[in-house]
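One structure is given here, and the rest of the page talks about it.
Just so it is clear, none of the values below were taken in a lab; they were calculated from the coordinates. Keep in mind it's a predicted model, so treat the numbers as computed, not measured. Because the Cβ atoms are built from the backbone with ideal geometry, glycine has one as well, and the counts that use them run over all protein chains shown.
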């Protein structure tokens, strides 16, 4: 088998894992925007930098451990389970941030980037730890 054909033989697995990753990322975005007290999509469409920072940090904080789950899982169901764990952790991070940064949603709605950037960086930090802790 030629090297090109060998590489292309894994294309179905790539497509399957990519579909799962995109689906889980969309699901995360839906859940995250549903639990935020502010109108996330409206603020993003209006060009609110604070909303973009907070949402983007949370999204990256989720996809980092999702990438780890993809790289280390033994099967698609295993990957989905660990992706669900990654999602749960990042949702808990947001809920914790609401306690740590009082009026976080009001800061985001008012486009105050300081609290939003802090939330984004904390989400990223926890996402990195989450990814590192996924030991199989």
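If the elastic network links every pair of Cα atoms under 10 Å, which of 51, 118, 34 fluctuates the most in the Gaussian network model of the chain?
Looking only at 51, 118, 34, the largest GNM fluctuation is found for 34.
Efficiency by 1/(1 + (r/R0)^6): what FRET value for residue 46 and residue 78, r their Cβ-Cβ distance, R0 = 25 Å, to the nearest 0.05?
My answer for the efficiency is 0.05.
Based on the Cβ-Cβ distance of residue 88 and residue 11, what FRET efficiency does E = 1/(1 + (r/R0)^6) give at R0 = 41 Å, to the nearest 0.05?
Given R0 = 41 Å and the Cβ-Cβ separation, E is 0.85.
Using alpha-carbon positions, what is the distance between the centroids of the range 1-66 and the range 71-130, in Å?
If you average the Cα positions of each part, the centres end up 13 Å apart.
Go ahead and collect, in residue order, the members of the range 8-44 whose backbone nitrogen is under 12 Å from a label point 7 Å along the Cα-Cβ direction of residue 129.
Backbone N within reach: none found.
For the chain, place one equal point scatterer on every Cα, skip the solvent, and apply the Debye formula. What is log10 of I(q)/I(0) at q = 0.09, 0.10, 0.13, 0.22 Å⁻¹?
Here log10 of I(q) over I(0) equals -0.31, -0.37, -0.58, -1.21.
Would you mind ranking 27, 53 by Cβ crowding within 10 Å, fewest neighbours first?
Going from sparsest to densest Cβ surroundings: 27, 53.
Give, in nm to one decimal, the length gained when the segment between residue 4 and residue 25 is fully stretched (0.36 nm per residue of separation minus the Cα-Cα distance). Spell out each step's value before the answer.
Working: separation 21, 0.36 × 21 = 7.56 nm, distance 3.02 nm.
Value of the extension gain: 4.5 nm.
Please rank 110, 58, 74, 68, fewest neighbouring Cβ atoms within 10 Å first, as an exposure proxy.
Ranking 110, 58, 74, 68 by Cβ neighbours within 10 Å, fewest first, gives 74, 110, 68, 58.
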